[in-house]
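Novice: Quick one: the structure is below, questions incoming.
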Amino acid sequence: LLKPIHDIKSAIGINEKFQFINELFNGSADLYNESINLLNNCSGKYEADQLLREMSIRFAWDEQHAVLIRLREFVTRRYLTADK
C-alpha cells in the first residue's frame, strides 16, 4: 500500500536522486530539479500525469524502465489523498 507524501523532493533519497539525474535527466541536476519542482506543484494527479507524459516524450524514456516506474510511484504518492 502506497503512503501519501507532501513533497516529492524531500521523499526521494540521495541515491535515488542521483539515479534519477543520471538515468532519466541526462546527468543534469538542473533538469532534475526543475522537473521535480514542476511535478511537485501540479494542481492534481491528472496534471502531474500529463506532465510526466510530456517529459517521457522529451527525454525519450523507456516506459518499462524501473527508474521511471519508481519516479512515477513518487508522483502517485504525492497526489494520493489520505483516507481518514
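Novice: Residue by residue through the stretch 26-84, note down the ones that are among the small types (Gly, Ala, Ser) and either in contact (Cβ under 8 Å) with a residue 60 or more places away in the chain or not in a helix (DSSP H, G or I) (or both).
Specialist: Looking only at the stretch 26-84, we keep the residues that are among the small types (Gly, Ala, Ser), and these are 27-29, 35, 43-44, 48, 56, 60, 66, 82.
Hits for the stretch 26-84 are GLY27, SER28, SER43, GLY44, ALA60, ALA82.
Novice: While we're here: State all residues of the stretch 26-59 that are of a type in the set (D, E, K, R) and exposed (fewer than 13 other Cβ atoms within 10 Å of the Cβ); if no residue qualifies, say none.
Specialist: Those that are of a type in the set (D, E, K, R) and exposed (fewer than 13 other Cβ atoms within 10 Å of the Cβ): ASP30, GLU34, ARG53, GLU54, ARG58.
For every residue, the table says whether it meets (1) on the phi < 0 side of the Ramachandran plot; (2) over 10 Å from the mean Cα position of the chain (by Cα).
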{"site": "HIS6", "(1), (2)": "yes, yes"}
{"site": "PHE18", "(1), (2)": "yes, yes"}
{"site": "GLY27", "(1), (2)": "no, yes"}
{"site": "LEU31", "(1), (2)": "yes, yes"}
{"site": "LEU39", "(1), (2)": "yes, no"}
{"site": "ASP49", "(1), (2)": "yes, no"}
{"site": "GLU54", "(1), (2)": "yes, yes"}
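Novice: Continuing with the same structure: When you look at LEU71, is it within 19 Å of ASN15 (Cα to Cα), surrounded by 11 or more Cβ atoms within 10 Å (Cβ to Cβ) and out of contact with any His (no Cβ under 8 Å at 6 or more places or on another chain), yes or no?
Specialist: On the way: within 19 Å of ASN15 (Cα to Cα): yes; surrounded by 11 or more Cβ atoms within 10 Å (Cβ to Cβ): yes; out of contact with any His (no Cβ under 8 Å at 6 or more places or on another chain): yes.
So LEU71 passes the test.
Novice: Kindly check whether there is at least one residue in the stretch 2-25 that is exposed (fewer than 12 other Cβ atoms within 10 Å of the Cβ) and either basic (Lys, Arg) or in contact with a Ser or Thr (Cβ under 7 Å, 6 or more places away or on another chain) (or both).
Specialist: yes
Novice: Please pick out the residue among GLU34, GLU23, GLU54 that is in contact with a helix residue (DSSP H, G or I) (Cβ under 8 Å, 6 or more places away or on another chain), among the acidic types (Asp, Glu) and at pLDDT 95 or above. Explain how you work it out, then say what you get.
Specialist: On the way: GLU34 fails: in contact with a helix residue (DSSP H, G or I) (Cβ under 8 Å, 6 or more places away or on another chain); GLU54 fails: in contact with a helix residue (DSSP H, G or I) (Cβ under 8 Å, 6 or more places away or on another chain).
Unique residue meeting the criteria: GLU23.
The values are calculated or read from the model by the stated rules, or taken from the named source; none is laboratory data. Keep in mind that what you see is a predicted model, and the values were worked out from it rather than measured. Quick reminder, even Gly has a Cβ in these numbers, built from the backbone with ideal geometry, and neighbours come from all protein chains shown.
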